[in-house]
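Undergrad: So that we are looking at the same thing, I have put the structure below in structure tokens.
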Amino acid sequence: MPGLLRIAAFSDGDRGGNPAGVLIAESHPDSTEMRRIAAELGYSETAFAMPDDDAWRVRYFSPESEVPFCGHATIALGAALAERHGEGVFRLKLNRAEITVEGWREGGRIRAALQSPPTRSMPLPQSLLDETLALFTLQSADLDPKIPPARIHGGADHLTLCLESRDTLAAMHYELDAGRKFMNREGLITILLAWAETPRRFHTRNPFASGGVYEDPATDAATAAFAGYLRDLDWPHEGAIEILQGEDMGQPSRLYAEIPPAPGGSIRVSGSTRPLGGDPG
């Protein structure tokens, strides 16, 4: 596809990160064509951007469906806009919200940061928790009682389970089709499983069965939602957390989330990017 870029967001130096497609054009292809492009590329999400007055109208597609928001594809888009238009803050109009993404050069790479949509969280009903534990063949004893299971939101809905041990996180497994049916029924984009190494550093894994992807190596939207949830819990985050994701996939990724004190306020998530190539058109 002419003009289609491939960019890894939240890379760890020259390694890892979550690859996303980015297509910047004067107008969007139709929905069927955007889904076809995303499916053909095969990444978990592709961002499609077109000018809209002083902003950019952005839509996101996974290989199976349109999604309301995708963090790592937004970071990739921010890097592409900074490469094309210079360093700056870019206003984005999404299907359900307006956000900004910033791109700048640092140490020979382009870094990007986005301000998430507002965050919120709610406790997980016991019946839904039981079903989620069964999906991953987990027991209640595997959970960290300091961070209860919850439904979390930062532009899209996710569930989060915090685990007591790194080994349990490393052993994560589930059946993709069962996960797809469960997540689509509940209106979930991903399920975030986390282990707290320290109060400010978390290791996470993100099944993305709703989009037909077994696991994402870096998930900005879920990170923003999780950071907002920690704020709701009065967790001792001291204003920021670091997320290490993708390690168990061999695609190490680093995400940084800055957490302002205002309840429900936007989370700033940032990381490095690296180009994976693309058709210059």
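The values are calculated or read from the model by the stated rules, or taken from the named source; none is laboratory data. Quick caveat, the model's predicted, so the values are computed rather than measured. All Cβ positions, glycine included, derive from the backbone under ideal geometry; neighbour counts span all protein chains shown. To get the accessible areas, we keep the full protein, side chains included, count just its heavy atoms, and leave off ligands, DNA and RNA. Shrake-Rupley method; radii C 1.70, N 1.55, O 1.52, S 1.80 Å.
Undergrad: Of all residues being outside any helix (DSSP H, G or I) and modelled with pLDDT under 90 in the stretch 209-234, which is surrounded by the most Cβ atoms within 10 Å (Cβ to Cβ)? Just the residue, please.
TA: First, the residues of the stretch 209-234 that are outside any helix (DSSP H, G or I): 212-219, 233-234.
Remaining after also requiring modelled with pLDDT under 90: 212-213, 216, 219.
Values: Gly212: 16, Val213: 21, Asp216: 30, Thr219: 33.
Across the stretch 209-234, the extreme among qualifying residues is Thr219.
Undergrad: Something else: May I ask you to verify whether Leu129 is outside any loop (DSSP other than H, G, I, E, B), closer than 23 Å to Met249 by Cβ and free of Cβ contacts under 8 Å to residues at least 40 places away in the same chain?
TA: Values: outside any loop (DSSP other than H, G, I, E, B): yes; closer than 23 Å to Met249 by Cβ: no; free of Cβ contacts under 8 Å to residues at least 40 places away in the same chain: yes.
Answer is no for this residue.
Undergrad: Separate question: Go through Glu45, Glu40, Glu66 for me and flag whichever is more than 19 Å from the chain's Cα centre (by Cα) and under 26 Å from Gln245 (Cβ atoms). I'd like the intermediate steps shown before the answer.
TA: Numbers: Glu45 fails: more than 19 Å from the chain's Cα centre (by Cα); Glu66 fails: more than 19 Å from the chain's Cα centre (by Cα).
None of the others qualify; the one that does is Glu40.
Undergrad: Looking for something out of contact with any Gly (no Cβ under 6 Å at 6 or more places or on another chain), aliphatic (A, V, I, L, M) and in a strand (DSSP E or B) - is there at least one such residue anywhere in the stretch 173-192?
TA: Within the stretch 173-192, the subset out of contact with any Gly (no Cβ under 6 Å at 6 or more places or on another chain) is 173-192.
The next check asks that each one be aliphatic (A, V, I, L, M); those that pass are 176, 178, 183, 188-189, 191-192.
Remaining after also requiring in a strand (DSSP E or B): 191-192.
Yes, the stretch 173-192 contains a residue that is out of contact with any Gly (no Cβ under 6 Å at 6 or more places or on another chain), aliphatic (A, V, I, L, M) and in a strand (DSSP E or B).
Undergrad: Which condition from (1) acidic (Asp, Glu); (2) surrounded by 13 or more Cβ atoms within 10 Å (Cβ to Cβ); (3) more than 24 Å from His153 (Cα to Cα) is the one that Glu131 breaks?
TA: Of the numbered conditions (1) acidic (Asp, Glu); (2) surrounded by 13 or more Cβ atoms within 10 Å (Cβ to Cβ); (3) more than 24 Å from His153 (Cα to Cα), the odd one out for Glu131 is (3).
Undergrad: Restrict the check to the stretch 148-167 and report whether at least one residue is within 18 Å of the chain's Cα centre (by Cα) and open to solvent by 60 Å² or more (accessible area, probe 1.4 Å). So that I can check it myself, show each step before the final result.
TA: If we filter the stretch 148-167 for residues that are within 18 Å of the chain's Cα centre (by Cα), which is where we start, we get 150-162.
Filter once more, so that each one left must be open to solvent by 60 Å² or more (accessible area, probe 1.4 Å): none.
Checked against the condition, which is being within 18 Å of the chain's Cα centre (by Cα) and open to solvent by 60 Å² or more (accessible area, probe 1.4 Å), the stretch 148-167 yields no hits at all.
Undergrad: Turning to a different aspect of this structure: If His28 satisfies every condition in (1) closer than 14 Å to Ala76 by Cα; (2) touching a helix residue (DSSP H, G or I) at 6+ places or on another chain (Cβ under 9 Å) but one, which is the exception?
TA: Against the list (1) closer than 14 Å to Ala76 by Cα; (2) touching a helix residue (DSSP H, G or I) at 6+ places or on another chain (Cβ under 9 Å), His28 comes up short only on (1).
Undergrad: Could you list, in sequence order, the residues of the stretch 58-71 that are over 12 Å from Gly155 (Cβ atoms) and of a type outside the set (Asp, Glu)?
TA: Within the stretch 58-71, the first condition is being over 12 Å from Gly155 (Cβ atoms), and the residues that meet it are 59, 61-66.
Within the stretch 58-71, Arg59, Phe61, Ser62, Pro63, Ser65 meet the criteria.
Undergrad: Filter the stretch 235-258 for residues that are closer than 24 Å to Val89 by Cβ and open to solvent by 10 Å² or more (accessible area, probe 1.4 Å) and give the result.
TA: First pass over the stretch 235-258, keeping only residues closer than 24 Å to Val89 by Cβ: 239-243, 253-258.
Within the stretch 235-258, Gly239, Ala240, Glu242, Arg254, Tyr256, Glu258 qualify.
Undergrad: Limited to the stretch 26-49, what total is found for residues that are charged (D, E, K, R) and open to solvent by less than 50 Å² (accessible area, probe 1.4 Å)? First the steps, then the outcome.
TA: Start the filter on the stretch 26-49 by keeping residues that are charged (D, E, K, R), which leaves 26, 30, 33, 35-36, 40, 45.
Then drop every residue that is not open to solvent by less than 50 Å² (accessible area, probe 1.4 Å), which leaves 45.
Summing the residues that are charged (D, E, K, R) and open to solvent by less than 50 Å² (accessible area, probe 1.4 Å) in the stretch 26-49 gives 1.
Undergrad: Sticking with this structure for a sec: Here is a check on your reading of the model: is Glu66 in contact with a strand residue (DSSP E or B) (Cβ under 9 Å, 6 or more places away or on another chain), modelled with pLDDT under 95 and not β-branched (Val, Ile, Thr)? So that I can check it myself, show each step before the final result.
TA: Numbers: in contact with a strand residue (DSSP E or B) (Cβ under 9 Å, 6 or more places away or on another chain): yes; modelled with pLDDT under 95: yes; not β-branched (Val, Ile, Thr): yes.
Against the criterion (in contact with a strand residue (DSSP E or B) (Cβ under 9 Å, 6 or more places away or on another chain), modelled with pLDDT under 95 and not β-branched (Val, Ile, Thr)), Glu66 qualifies.
Undergrad: Answer yes if at least one residue in the stretch 182-192 is touching an Asp or Glu at 6+ places or on another chain (Cβ under 9 Å) and aliphatic (A, V, I, L, M), and no otherwise.
TA: Narrowing the stretch 182-192 to residues touching an Asp or Glu at 6+ places or on another chain (Cβ under 9 Å): 182, 186-190.
With the extra rule that they be aliphatic (A, V, I, L, M), the set shrinks to 188-189.
Yes: the stretch 182-192 contains one or more residues that are touching an Asp or Glu at 6+ places or on another chain (Cβ under 9 Å) and aliphatic (A, V, I, L, M).
Undergrad: Still on this structure: Taking the residues in the stretch 61-92 that are part of a strand (DSSP E or B) and open to solvent by 40 Å² or more (accessible area, probe 1.4 Å) as candidates, determine which candidate is nearest to Glu40 (Cα to Cα).
TA: Filtering the stretch 61-92 for residues part of a strand (DSSP E or B) gives 61, 66-67, 88-92.
Okay, now just the ones that are also open to solvent by 40 Å² or more (accessible area, probe 1.4 Å), so 66, 89, 91.
Details: Glu66: 14, Val89: 30, Arg91: 28 Å.
Top of the filtered list is Glu66.
Undergrad: Considering only the stretch 107-118, I want to know if a residue exists there that is farther than 21 Å from Ala156 by Cβ, free of Cβ contacts under 8 Å to residues at least 60 places away in the same chain and open to solvent by 10 Å² or more (accessible area, probe 1.4 Å).
TA: In the first step, residues of the stretch 107-118 are kept if they are farther than 21 Å from Ala156 by Cβ; the result is 107-111.
Then drop every residue that is not free of Cβ contacts under 8 Å to residues at least 60 places away in the same chain, which leaves 107-108.
Checking the rest, the ones that are also open to solvent by 10 Å² or more (accessible area, probe 1.4 Å) come to 107-108.
Checking the stretch 107-118: at least one residue is farther than 21 Å from Ala156 by Cβ, free of Cβ contacts under 8 Å to residues at least 60 places away in the same chain and open to solvent by 10 Å² or more (accessible area, probe 1.4 Å).
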